[in-house]
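Data block below; observations after.
The values are calculated or read from the model by the stated rules, or taken from the named source; none is laboratory data. What you are looking at is a predicted structure, and each value in this text was computed from that prediction instead of being measured. No Cβ is skipped: glycine too gets one built from the backbone with ideal geometry, and neighbour counts run over all protein chains shown.
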Amino acid sequence: PVRDLELMAAVTLLRHHVDPDRKETGIGDGVLGLKYRLVPHLAALGYLTLPTGDDDRGLGAGGTGVGLAGILSLPLGAGVAADLNAGYQFSGVSGVEGDGFFFYGLGLSVPVGSRTTLFGEVAGRSVWEGESHDTVQFDLGVRHRLNDRVSVTAGGGRGLNGDFGPEDPRTRLFA
């Protein structure tokens, strides 16, 4: 909306395997956030997860979460960049009200033309529920800048390790 400030919004569409005999499909929890570039290669991210998914059907957390993260972008040359991020989400998105988790990721972006970028990320999170539960996933995608203020992103990913719930299905597509 203004220089160095990005608005992000997302609503997930899920097909969740509740048990071997039952699958649920529907809208999951939404996310609304702001990313502010503090200096050229360092940004801060704050976001809310909104309980738009039906937690009785296993499609949402049933509560609002608040997340904070730092993002470090390292230019590698010719428009290629590596991004490191780490943060913490307070409350309910792991499926049990009150659970928070630490998350982290390492991404790589490569320009393909003046307005299009290919990207990949390996990301993980650690949830503490008396003991640590770790998940690791990867995403690949493409981002196309429509103009100086709007971009469109599409891609997919897969869980690599861990107990994936409705917010982290084993295979996913995003746009």
Here are some conditions: (1) in contact with a His (Cβ under 9 Å, 6 or more places away or on another chain); (2) surrounded by 15 or more Cβ atoms within 10 Å (Cβ to Cβ); (3) at pLDDT 75 or above. Thr116 meets all but one. Which one does it not meet?
-> (2)
For the stretch 136-175, enumerate the residues that are modelled with pLDDT of 80 or more and touching an Asp or Glu at 6+ places or on another chain (Cβ under 9 Å).
-> Gln137, Phe138, Asp139, Leu140, Gly141, Gly155, Gly156, Gly157, Arg158
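Find the residue count for the stretch 41-73, including only residues that are out of contact with any His (no Cβ under 7 Å at 6 or more places or on another chain) and part of a strand (DSSP E or B). Walk me through it before giving the result.
As a first pass, look at the stretch 41-73 and keep what is out of contact with any His (no Cβ under 7 Å at 6 or more places or on another chain): 41-57, 60-71.
From what's left, part of a strand (DSSP E or B): 42-50, 65-71.
Count: 16.
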Evaluation of Asp83 against (1) at pLDDT 95 or above; (2) surrounded by fewer than 16 Cβ atoms within 10 Å (Cβ to Cβ); (3) of a type outside the set (Ser, Thr, Tyr) (one fails), failing number | (2)
Criterion: of a type outside the set (D, E, K, R), surrounded by 14 or more Cβ atoms within 10 Å (Cβ to Cβ) and touching a Ser or Thr at 6+ places or on another chain (Cβ under 8 Å) - qualifying residue of Gly33, Gly26, Gly53 | Gly53
